[in-house]
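The values are calculated or read from the model by the stated rules, or taken from the named source; none is laboratory data. Worth saying up front: this structure is predicted, and the values here are computed from it rather than measured. Cβ sites come from the backbone with ideal geometry, for glycine too, and all protein chains shown count toward neighbours. Protein only, heavy atoms only, side chains kept; ligands, DNA and RNA dropped before computing areas. Shrake-Rupley method; radii C 1.70, N 1.55, O 1.52, S 1.80 Å.
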Amino acid sequence: MTDGHRRRPHYSGKYPRHFQEKYKELDPERYSDTVAHVIAKGSTPAGMHIPIMVNEILEVLDIKPGERGFDATLGYGGHTEKMLEKLCGEGHIYGCDVDPIESAKTLERIRSHGYDAKIFSLRNMNFADIDKVVTEVGKFDFILADLGVSSMQIDDPSRGFSYKSDGPLDLRLDPSHGISASERLGQMSVDEIEGMLIDNADETEARKIAREIVRSVKMGKLNTTYDLRGCVERVFAKKKIPSAEMKDAIKKSCTRTFQAVRIDVNNEYEVLETFMEKLPEALKPAGRAAILTFHSGEDRIVKQAFRSFYRAGVYSRVAKEVIRPSATECHMNPRAHSTKLRWAVKA
């Protein structure tokens with residue numbers, strides 16, 4: 001991630017040829033009927049990120065014309081555009097994203113929809129540096145952070161976020177900073193990788209997968225997403241699991257393994273902790289914050305920070321229970337299944 005965010009000490013435990021040619025959905029305005037068909041089937045169109053829990057977020061943030069807001073994780077810009085609509089041409093939203101590749105595309109898309117620099121600005125930075133934006137423009141009436149990885153990143157094999165397509169084992173949100181996942185795993189011991197898989201994803205086969213990863217590193221065969229997937233597959237090949245269950249078991253373990261590595265490579269927990277510490281000072285009195293999380297580690301950090309500041313009197317109200325997406329939304333967008341929404345209001 002950005003410079004200055006130190007890694008926490010942990011992990012101590014015992015198609016057509018090119019992605020851009022494959023999917024018509026990558027040109028949604030030209031192939032709107034194809035996009036609609038893909039969504040109706042309960043799938044996410046390739047290269048598109050469907051914003052999750054939009055109505056619930058808008059209700060929590062209660063945006064009014066003339067207010068100033070901050071979208072900490074711009075992504076595809078779906079949430080941002082819905083929030084911009086609520087401003088009715090008055091006020092301003094500052095969007096933030098550490099990914100220079102996708103944020104440039106999103107900015108162009110938002111501008112093409114009629115939102116100029118008077119009402120929307122983009123900051124290519126890590127949202128843990130929200131205090132720098134506050135110093136520049138002042139505090140905010142509302143803040144949103146959607147902690148999920150954008151579908152555009154997952155669907156692009158060149159980014160290395162998914163075990164489903166072969167590509168370089170990178171997993172960096174900002175490819176211009178830090179080291180790739182293959183380099184990071186090459187620096188780690190079996191114990192460290194095991195701890196990472198447990199801490200970041202509750203992986204049940206952590207020890208065995210860690211051994212396979214280190215073995216692959218020593219053989220010089222951990223450079224692609226398929227190489228990492230192969231480590232998981234070899235672990236399960238040695239287990240006595242009915243063939244009908246094997247595919248699902250490998251899928252779930254691969255998902256957890258890639259999640260754990262991505263969190264580590266991007267220092268995601270450390271960044272989130274820093275953001276949650278700075279969040280209260282970024283809000284005006286009565287300012288509202290909404291955070292979308294996608295796994296237990298993230299949700300735990302958000303919940304604990306909100307409760308701690310609430311007990312200290314910094315927040316006047318916080319969500320007592322998480323808000324979950326509806327069954328209908330989960331059907332229309334499978335990537336919404338694990339989503340949790342928490343909110344807080346500044347005293």
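Overview of results
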item: Matching residues, the stretch 90-144, being loosely packed, with under 15 Cβ neighbours inside 10 Å, aliphatic (A, V, I, L, M) and over 21 Å from the mean Cα position of the chain (by Cα); result: Ala117, Val137
item: Filter result for the condition that a residue is among the small types (Gly, Ala, Ser) and touching a strand residue (DSSP E or B) at 6+ places or on another chain (Cβ under 6 Å), over Gly95, Gly167, Gly114; result: Gly95
item: Residue that is farthest from the chain's Cα centre (by Cα) [pool: residues in the stretch 296-339 that are open to solvent by less than 50 Å² (accessible area, probe 1.4 Å) and charged (D, E, K, R)]; result: Glu329
item: Hits in the stretch 188-215 - residues which are farther than 18 Å from Lys239 by Cβ, open to solvent by 30 Å² or more (accessible area, probe 1.4 Å) and among the β-branched types (Val, Ile, Thr); result: Val190, Ile198
item: Residues within the stretch 169-179 that are closer than 14 Å to Val261 by Cα and open to solvent by 10 Å² or more (accessible area, probe 1.4 Å), tallied; result: 5
item: Any hit, the stretch 285-293, residues being in a helix (DSSP H, G or I), within 30 Å of Gly186 (Cα to Cα) and of a type outside the set (A, V, I, L, M); result: no
item: Every residue from the stretch 330-347 that is under 26 Å from Met276 (Cβ atoms) and assigned to a helix (DSSP H, G or I); result: Arg335, Ala336
item: Subset tally (residues that are touching a strand residue (DSSP E or B) at 6+ places or on another chain (Cβ under 6 Å) and not in a helix (DSSP H, G or I)) for the stretch 306-329; result: 7
item: Residue ranges of helices (runs of 4 or more DSSP H) in the stretch 102-198 with at least 2 members at pLDDT below 90; result: 151-155
item: Residue match in the stretch 230-238 (condition: crowded, with 18+ Cβ neighbours inside 10 Å, in contact with a helix residue (DSSP H, G or I) (Cβ under 9 Å, 6 or more places away or on another chain), within 30 Å of Phe127 (Cβ to Cβ) and not aromatic (Phe, Trp, Tyr)); result: no
item: The stretch 266-294: number of residues that are under 28 Å from Arg335 (Cβ atoms) and either crowded, with 19+ Cβ neighbours inside 10 Å or touching a His at 6+ places or on another chain (Cβ under 9 Å) (or both); result: 19
item: Qualifying residue in the stretch 226-245 (condition: touching a Cys at 6+ places or on another chain (Cβ under 7 Å) and closer than 30 Å to Gly160 by Cβ); result: yes
